[in-house]
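For reference, the structure is listed below as structure tokens.
Values in this text are rule-based calculations from the coordinates and carry no lab data. Predicted model, so just to flag it, every value in this text is computed and none were measured. Positions of Cβ are backbone-derived with ideal geometry, glycine not excepted, and every protein chain shown enters the neighbour counts.
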Amino acid sequence: MALLLTVNAFAKEKQHGEEAGEKDLKTEIKEYIAHHLLDSYDFSLYSYTNDAGEHKYVGFPLPVILWDGGLKVFSSSKFHHGETVAEVGGNHYALYHNKIYKTDANGTINYDADHHPTNEKPLDFSFTKNVFFILLVSIIMFLIFSRMAKNYKNSAMPTGFGRLLEPIILYIRDDIARPNIGEKHYRRFMGYLLTVFFFVWIVNLFGLTPLGVNVTNNIAVTLALALITYFITTFSGNKNYWGHIFWMPGVPTPMKIILAPIELLGTIIKPFSLMIRLYANITAGHIVLMSIIGLMFIFKNWIGSPLSFALAFALSLLELLVAALQAYIFTMLSALYFGAAVEEGHH
Amino acid sequence: MEKLMNEFSFGLFFWMLTIFILLVVLLKKFAWKPILDAVNEREEGIRKAMDAAEEAKKEMQNISADSERLLKEAREERDAMLKEAREIKDKIVADAKEAAQLEGDKMIQQAQATIESEKKAAVADIKNQVASLSLDIAEKVLKEELKDGAKQEKLVADMLSDVTL
Amino acid sequence: MQIPEIVGAGLIVIGAGLGIGRIGGQAMEAIARQPEASGKIQTAMLIAAALIEGIGFAALFAA
């Protein structure tokens, strides 16, 4: 079903492309994929061109929040999907490659030698599609889990959806937190580990639906998650942890001096790799999946389309696995880093 | 790398961080803590119940062992008591026998003593009677002898002649 | 992407693929040898694979 909808969206796109007859189909698919992976200022499910030749979008606008010498809030519908310039309080803003630039009334964008825009960029706190979705997933999670928690007040056993979630919670506690952090300290980190696991998992799963929301393939999102892991690790690090970083016990003194910067760099590389891994896995998955779906429109014959469909179907199943696996690995490695930070020296 | 930098949106980062930290705090308070507490409590309860069952099993074993031991003890006690009773009985019988013997001996002795004393008394009585009889006889003889004066004279003379002054 | 970059990316993928493949293979062997320790082996395998993957991705983005 999910796949069919996505295909549907493509079909619409394709018609549009043929009608316009200007763009090369391959380029268009590439652009569509690139666009799909990006954040946007409105929540649009798909777009099509009606009989009158107008470009129509199905979805709704979201608020744009800018800090440009004062707080500016306006609806993203003013951009008309990047087609017009928004005028707010005497200032003009235009969308260019999905970023907001301050322009003149005509929306002129000036470029430097490398074709980078030189226009001023206002500080952008817009409530974009991804922010909207993060909030939505957070609310859903809060509702599900607080309801599940309430159920425990009445009975010792979980009821309803909780039956499915409890084994996962117990798995995270018994197979991720306990062995990696240790019996003594694991309780402190359970809140973060559980939240991050379910958040990443749910968001990844929603990313596979044709809603077109891909929260975890934004580097900003994964950076935020990795940064929280980094700060928790750093602030819960005990004497033993810092001792291993700055003055590695059990090696000769010259080695200690060499190891200290490497270990210090390691503390930054660890969350960095967390950030990149999640981002890259999800992005790569989406690119491959959408490219294969896009092949359908390139082949345009009776062998190509079913083949592409079958491939896309198999890949979607793989992506389902990846969605859970990445959430698991993120949680697992976070737990591992926390465990290293609170480990008591056994020398 | 440049692509990543270009893609990075501070707004999204800001919102993500805010919403996510808020989510962690809220979920920790309203969901994870109660859920984990409940699960822990349940596990604790199960463990306690298991422990109690184990304890009860042990108790049962103890009790059966105890009763076994008690039974054995009771049997032993009974045997001991029987033995003791038999001993007591034997002793009583022996005692009684001894007492009877003693009593009999005593009675025999007494009887013998009585017989002896009777005998002595009888002998003494006979002696007395014999003495009085002899006196009577002697008197009668003397009376017979001294009937005529001449004889009396002669006797006095004999006696006087015996006395030498 | 220019030609050297594409070649670099290819090399990275080959390297990371070989590395992860080796980890996976060794883990399979280890599990076959000691099925009772499969949980621990799996965890260790995933961590090792994830670390290589992380380096691979970092290099891929640098390329």
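Observations on the structure shown:
- Taking (1) facing chain B (nearest Cβ under 10 Å); (2) in contact (Cβ under 8 Å) with a residue 12 or more places away in the chain; (3) over 23 Å from the mean Cα position of the chain (by Cα) in turn, residue A:215 satisfies each apart from (3).
- Unmet requirement for residue A:339, which otherwise passes all of (1) under 25 Å from residue A:240 (Cβ atoms); (2) free of Cβ contacts under 8 Å to residues at least 24 places away in the same chain; (3) not aromatic (Phe, Trp, Tyr): (2)
Quick grid of which residues meet (1) more than 8 Å from every other protein chain (Cβ to nearest Cβ); (2) assigned to a helix (DSSP H, G or I); (3) among the hydroxyl-bearing types (Ser, Thr, Tyr); (4) over 17 Å from residue A:190 (Cα atoms):
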{"position": "B:13", "(1), (2), (3), (4)": "no, yes, no, yes"}
{"position": "B:16", "(1), (2), (3), (4)": "no, yes, no, yes"}
{"position": "B:19", "(1), (2), (3), (4)": "no, yes, no, yes"}
{"position": "B:24", "(1), (2), (3), (4)": "no, yes, no, no"}
{"position": "B:33", "(1), (2), (3), (4)": "no, yes, no, no"}
{"position": "B:38", "(1), (2), (3), (4)": "no, yes, no, no"}
{"position": "B:49", "(1), (2), (3), (4)": "yes, yes, no, yes"}
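- Of everything in segment A:142-161 that is more than 7 Å from chain B (Cβ to nearest Cβ) and closer than 24 Å to residue B:19 by Cα, the residue that is farthest from the chain's Cα centre (by Cα) is A:150.
- Out of B:127, B:143, sole residue that is part of a helix (DSSP H, G or I), without any contact (Cβ under 8 Å) to a residue 12 or more places away in the chain and surrounded by fewer than 10 Cβ atoms within 10 Å (Cβ to Cβ): B:143
- In the set (1) under 17 Å from residue A:281 (Cβ atoms); (2) of a type outside the set (S, T, N, Q); (3) at the interface with another protein chain (Cβ under 9 Å from one of its Cβ atoms), the condition left unmet by residue C:40 is number (1).
- Breaking point among (1) under 17 Å from residue A:136 (Cβ atoms); (2) surrounded by 24 or more Cβ atoms within 10 Å (Cβ to Cβ), for residue A:208: (2)
- Scanning segment A:282-302 for any residue that is of a type in the set (Ser, Thr, Tyr), closer than 30 Å to residue B:10 by Cα, touching a Ser or Thr at 6+ places or on another chain (Cβ under 7 Å) and within 14 Å of chain C (Cβ to nearest Cβ) turns up nothing.
- Residues in segment A:163-178 that are of a type outside the set (A, V, I, L, M, F, W, C) and touching a helix residue (DSSP H, G or I) at 6+ places or on another chain (Cβ under 8 Å): A:166, A:173, A:175, A:178.
- Among residues of segment A:240-276, those that are outside any helix (DSSP H, G or I) and of a type in the set (Val, Ile, Thr), counted: 1
- Scanning segment A:162-204 for residues that are within 27 Å of the chain's Cα centre (by Cα) and either among the acidic types (Asp, Glu) or outside any helix (DSSP H, G or I) (or both) yields A:166, A:175.
- Scan segment A:132-161 for residues that are part of a helix (DSSP H, G or I) and surrounded by fewer than 12 Cβ atoms within 10 Å (Cβ to Cβ) and the total you get is 3.
- Failed item in (1) of a type outside the set (Lys, Arg); (2) under 22 Å from residue B:29 (Cα atoms); (3) not in a helix (DSSP H, G or I), with residue A:216 passing the rest: (2)
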